[in-house]
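The values are calculated or read from the model by the stated rules, or taken from the named source; none is laboratory data. Keep in mind that this is a model prediction, so the values were computed, not measured. Cβ: placed from backbone, ideal geometry, glycine included. Neighbour counts: every protein chain shown.
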Amino acid sequence: MAERADVVFVDGVRTPFGRAGEKGQYWNTRADDLIVKAMIGLLERNPNLPPERVDDVAIAATTQTGDQGLTLGRTAAILAGLPLSVPGFAIDRMCAGAMTSVATIGSMIGFGQYDVGIAGGVEHMGRHPMGAGADPNPRFLAEKLVDPEALNMGNTAERLHDRFPSLTKERADRFGMRSQQKVAAAYAAGKIQPDLIPVAIKSASGWGLATEDEGMRPETTMEGLATLKTPFRPHGRVTAGNASPLTDGATVSLLASADAAKDLGLTTKMRMVSFAFAGVEPEVMGIGPIPSTEKALRKAGLTIDDIGLFELNEAFAVQVLSLLDHFGIDDDDPRVNPWGGATAIGHPLAASGVRLMIQLARQFEEHPEVRYGLTAMCVGLGQGGSIIWENPHFSAKKGGKR
Amino acid sequence: MTDFSKLVGLDPDEVITHSYVRDVRMPSGKTIALITLDNDRDHTRPSTLGPATLLELSGVLNELKARAASAEIDGVAVTGKPFIFAAGADLSKVEDIPDRETGVLMAKLGHETLGKLSELGVPSFVFYNGLALGGGVEIGLNADYRTIDSSVPAFALPEVFLGIIPGWGGAWLLPNLIGIENALEVIISNPLKNNRMLKGPEVFELGIADAMFGPANFLEDSLKWADSVLTGKTKVKRKNEPGKIERAVKWDVAIGIADKMLASRIGRVAKSPYRALELLKAAKNTDKKTGFAAEDEALADLISGDQFRASIYAFNLVQKRAKKPAGAPDKALARPVTKVGVIGAGLMATQFALLFVRRLQVPVVITDLDQERVDKGVATIHGEIDELLQKGRIGSDEANRLKALITGTTDKADFADCDWVIEAVFEELGVKQQVFADVEKHISPEAILATNTSSLSVEQIGAKLKHPERVVGFHFFNPVAVMPLIEVVKTPKTTDEALSTAMVTAAKLRKNAVITADTPGFVVNRILAKLLGEAMHAVEVGTPFDTVVEAVKPFGLPMDPFVLLELVGLKVGAHVLDTHHAAFPERFFESPALHELAEFGHLFEKDAKGKPKGIDPKVLKIVEKHRIAGSTPYTADELRTRVEDGLADEIHRMLDDHVVGAPEDIDLCLILGAGWPFQMGGATPYLDRSGASERVFGSTFHTPRIVGVA
């Protein structure tokens, strides 16, 4: 009988993120190549891991067609040079793809079936715009199951402003600006770069090398944000300045049982405590992380006060703010997204979950006084996902709470 | 600075390979200027290096040198577009080089441009990301450091194969990088092994590349490695770089051995291997400038000479004409071949069966007179398949598959569903007619009947059939698995459908097919019969064997006529001469001496190791017996003229009789079927340039002649 195991986050890396579209750095780079390069980078960073010990590979993408099709986990494993004995599969939970990869592989390890697994995601939104090629069932409209506006994420963000009048455009803009500033500061301090795997990129003017996220706008000001168009409705509140841009990128993580990590001499950057996914009305998908976080806290036997660090995906500033308001956390609480978030870095849908974990893991190293951290994100069509992690560097002596 | 504008004018339509530059900031803080060589076409049109391309690169390198001087960049790297680093000069343009002086300019432009890679003031790197040939390889040799992608399928300095030398630094730089023996292999031996190319790991092993990385992250890893060289973290050691001892002791010895090996393998007619050898020899103790200057001269001499032009002609034949055979009917007419019958179970038949089953992967049934022979044939083929398995050429699944596809029978009814039947029985008209007639009873009216005859009329072989229109000649050369040529013989009755099926089948067998008319000896045997008949006649009139060998030496053939006779077998040789004499008694000699020699068994006396020492004295006695009364021996010059004129005459007649459509097809057959050398261009460029064509028919095969400009 296999025994239940503790699940640890060994390591995570990602490609630099690129702006989606023809002008973006990855316009001529295949989506599968992005995830493969990230996987190779992950394996090279963990030379103690014999590749044949990988029990499974879960790779997420939202639009699983073309260079994101063909059972990504399997094809990426082969392309990354893993032994053919290593299986793989593809995952889709739209924006929470990579997070679901981690929850799935984590569960497989936790249930004792696996020792080591790779979990990640990729989204090339330039090559695969959200919803491209989808054929929604006409019943959604005919039976009014979902408001047509719910299929457009910007509209769902506007709807959040409607629902919670206290979530003003000014607050959202300020949150967006601070995200830009925090990312710029983190870059300047060299916090982000160590986990980036550079990617060679072909352009009409020859080969280059992507080494940084492409969408950052550190010069952002409140005055500038006020002038931006509101593309989803006239005189609306959601702008390019308080939302994440369309993004290309890939992320991947290595998970293991605590025992396997010890036996193989792998690092333990985080321990998985609990996870949850939850559904909400698709029209206000941005509040999804509220019920999923409550559920994860419940499963962990924790309260929100136990969480010392938050990595919340900034699909839209307003949906992060809705969670903060719900839990009574200040907009500028230093525990929240200390190095900024998706507003500046970008949100390549199915890849973003692991990016949150990569950053949380780094922050754990710097904050031994923090015991628990949360990674959470909203999901299109009305879902939320949350994973709670424990800091292995935690030391009560350094002022920790528990 | 030399003025190269004259070169650019030669090719106003050059597909320019651009030198795109992007700065790459490395995590260490170093900046590498990365040049991408890209002609903006896909990988099916490799980047080539014409004059305008080199001038653009030269300008870019000038700018980078200036930027290096102002400390804007810390290194320069060069890589290629996907799958391709760079091929060399665009060979389609060499015919336009008007004089030797232009040849010198070509060499100098390459040297001046690529030479800048070692004078930038910062380290230079070349990342061989894909195919690299000739000048493409030399770009890297001129740089300070090189990396190679482990998946690179082709990396070579093929210049000697084409009648020139690596003249953009390769001949001097390579031996000084990887040692003389390795350089000899890359620059001389490989080109002469049918232009053998290196794969990525070999390039690394030889020490041409300092580091090797896998294809998934090749450029990223190369940049990272270059960065570590720039920061001093990586120190490059070159294990094959020649030291003092190698220069003092090994170098000249290796050159001497190579010289002897060359002379024994290909004779001394071909110029380029020997010019390359001279350059490699001198590279031992000359400085780079002197070495490059010597390359300029050698390249200019060769590029403006006859042999290079003939070689390029020959190269284009095997690269282009061989792939689009003249006179081939529409491929769509070809019948699918889903089962093959082979009549015969002897040596030739088993070779056919093995080739067909490997390449077509359809059932192949062999037959012979009795079960014992059939069983032996099947066992032979199974043994060959096992050998392929042991050598790792095929896997065990594939071996099982192939063995299961091979069956033997004595009942020709088992041929009923064959789409293609080929015979390999005794070379006698009646026998071949009979086996085809037997098979025709069982097969469909459209099934193709192919004969491997080398000397009989294909039309007559099919004369007694109900459906002679499905008969084609399908003439292989020995050894079947190795020789790339099939002469596909079309009779006046052969349908386009049958012919197309034969051509498509030949291509599936990975052979080059040339369509010939149904005339004696088709192409290759007729030409060889002329040559060998003249050679035997010459000795029968008292000409010493040595004089005969001497007479044809300037051709540079792969072997002399007597070695060739012994190789094909004296009996076969005598039979071939008889057949041609019977067909064209006024032009082809039969050789009574050869018949008796065939009975005797050999021409050469051999030493204990089986190496020929010379003509057996008993052979001389036999020949003397057959001395034609009142005859006078030829001098070497007389005989050479006779042979040249005889060949020119025969080829001219073959073209008049439409045996093939053009002299190009004759040359292609001789190159692929008889190994005639590139420097002759097969035969016709040589016959034109030696004056034989003019002497015999007052004109030339090619207008203008394929000759140099020197």
**Request:** Counting only residues that are touching an Asp or Glu at 6+ places or on another chain (Cβ under 9 Å), more than 30 Å from B:I706 (Cβ to Cβ) and of a type outside the set (G, A, S), give me the helices (runs of 4 or more DSSP H) lying completely in the range B:283-393 with at least 3 of them.
**Result:** B:347-360, B:371-390
**Fill in**
Considering residues that are more than 14 Å from chain A (Cβ to nearest Cβ), in a loop (DSSP other than H, G, I, E, B) and out of contact with any helix residue (DSSP H, G or I) (no Cβ under 7 Å at 6 or more places or on another chain), the number found within the range B:198-223 is 2
**Message:** For the structure I just gave you, tell me whether B:P273 is farther than 30 Å from B:E398 by Cβ, part of a helix (DSSP H, G or I) and not hydroxyl-bearing (S, T, Y).
**Reply:** yes
**Message:** I'd like to check something: does the range B:93-111 contain any residue that is in contact with a Lys or Arg (Cβ under 8 Å, 6 or more places away or on another chain) and of a type in the set (K, R)?
**Reply:** no
**Request:** Would you tally the residues in the range A:210-232 being more than 9 Å from chain B (Cβ to nearest Cβ) and farther than 20 Å from A:E314 by Cβ?
**Result:** 3
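Using the structure shown, decide if A:T247 is under 30 Å from A:P198 (Cβ atoms), among the polar types (S, T, N, Q) and crowded, with 20+ Cβ neighbours inside 10 Å.
yes
Which residue, of B:D419, B:D397, is over 29 Å from the mean Cα position of the chain (by Cα) and surrounded by fewer than 17 Cβ atoms within 10 Å (Cβ to Cβ)?
Only one candidate passes the filter, namely B:D397.
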**Criterion violated by B:K193 - all others in (1) within 14 Å of another protein chain (Cβ to nearest Cβ); (2) free of Cβ contacts under 8 Å to residues at least 12 places away in the same chain satisfied** = (1)
**Members of the range A:288-311 that are surrounded by 24 or more Cβ atoms within 10 Å (Cβ to Cβ) and over 17 Å from A:R371 (Cβ atoms)** = A:G288, A:P289, A:S292
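Within the range B:208-218, does at least one residue satisfy the condition of being in contact with a strand residue (DSSP E or B) (Cβ under 9 Å, 6 or more places away or on another chain), aromatic (F, W, Y) and assigned by TED's automatic domain parsing to the domain that holds B:R275?
So far as the range B:208-218 goes, yes, one or more of its residues are in contact with a strand residue (DSSP E or B) (Cβ under 9 Å, 6 or more places away or on another chain), aromatic (F, W, Y) and assigned by TED's automatic domain parsing to the domain that holds B:R275.
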**Prompt:** B:L7 is checked against (1) assigned to a helix (DSSP H, G or I); (2) modelled with pLDDT of 95 or more and fails just one. What number does that condition carry?
**Reply:** (2)
**Asked** Taking into account only those residues within the range A:6-40 that are surrounded by fewer than 24 Cβ atoms within 10 Å (Cβ to Cβ) and in a helix (DSSP H, G or I), which is farthest from the other protein chains (Cβ to nearest Cβ)?
**Response** A:D32
**Asked** Out of the residues in the range B:344-359 that are among the aliphatic types (A, V, I, L, M) and under 15 Å from B:I394 (Cα atoms), which is nearest to the chain's Cα centre (by Cα)?
**Response** B:L355
**Message:** Tell me the residue from B:L55, B:L10, B:L49 that is over 19 Å from B:E138 (Cβ atoms), in contact (Cβ under 8 Å) with a residue 40 or more places away in the chain and more than 12 Å from chain A (Cβ to nearest Cβ), please.
**Reply:** B:L10
**Request:** Output the residue which, of all residues in the range B:399-453 that are touching a helix residue (DSSP H, G or I) at 6+ places or on another chain (Cβ under 6 Å) and small (G, A, S), is nearest to B:F352 (Cα to Cα).
**Result:** B:A424
**Asked** Which of (1) farther than 22 Å from A:V199 by Cβ; (2) surrounded by 12 or more Cβ atoms within 10 Å (Cβ to Cβ) is the odd one out, the single condition B:K260 does not satisfy?
**Response** (2)
**Flag for B:V340 being closer than 22 Å to B:N478 by Cβ and touching a residue at least 60 places away in the same chain (Cβ under 8 Å)** = yes
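Could you count how many residues in the range B:13-36 are at the interface with chain A (Cβ under 9 Å from one of its Cβ atoms) and part of a strand (DSSP E or B)? Lay out the reasoning, then the answer.
Within the range B:13-36, the subset at the interface with chain A (Cβ under 9 Å from one of its Cβ atoms) is B:18-27, B:32, B:34-36.
When the remaining residues are screened for being part of a strand (DSSP E or B), the result is B:18-25, B:32, B:34-36.
Adding up the residues that qualify gives 12.
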**Request:** Test each condition in (1) closer than 20 Å to B:A283 by Cβ; (2) under 32 Å from the mean Cα position of the chain (by Cα) for B:F213 and report the one that comes out false.
**Result:** (1)
**Message:** Here is a list: A:G265, A:G241, A:G215. Which entry is in contact (Cβ under 8 Å) with a residue 12 or more places away in the chain and on the phi > 0 side of the Ramachandran plot?
**Reply:** A:G265
**Item:** Pick from the range A:167-204, criterion part of a helix (DSSP H, G or I) and within 10 Å of chain B (Cβ to nearest Cβ), ranking: surrounded by the most Cβ atoms within 10 Å (Cβ to Cβ)
**Value:** A:Q193
**Asked** Would a scan of the range B:53-61 turn up a residue that is modelled with pLDDT of 95 or more, touching a strand residue (DSSP E or B) at 6+ places or on another chain (Cβ under 7 Å) and closer than 18 Å to B:L105 by Cβ?
**Response** yes
**Index of the failed condition, A:A98 passing every other in (1) within 14 Å of A:A119 (Cα to Cα); (2) within 14 Å of chain B (Cβ to nearest Cβ)** = (2)
**Item:** Single unsatisfied condition, A:W207 versus (1) in a loop (DSSP other than H, G, I, E, B); (2) within 14 Å of another protein chain (Cβ to nearest Cβ); (3) over 20 Å from A:R14 (Cβ atoms)
**Value:** (1)
**Message:** So, B:S454, is that one of a type outside the set (V, I, T) and either over 22 Å from B:A574 (Cβ atoms) or part of a helix (DSSP H, G or I) (or both) or not?
**Reply:** no
**Asked** What about B:A353, is it within 30 Å of B:D411 (Cβ to Cβ), out of contact with any Gly (no Cβ under 7 Å at 6 or more places or on another chain) and in the same structural domain as B:F436 (by TED's automatic domain parsing)?
**Response** yes
**Asked** Is one or more of the residues making up the range B:37-45 basic (K, R) and not in a loop (DSSP other than H, G, I, E, B)?
**Response** no
**Prompt:** In the range A:364-381, which residue that is of a type outside the set (A, V, I, L, M, F, W, C) and assigned to a strand (DSSP E or B) is surrounded by the most Cβ atoms within 10 Å (Cβ to Cβ)?
**Reply:** A:T375
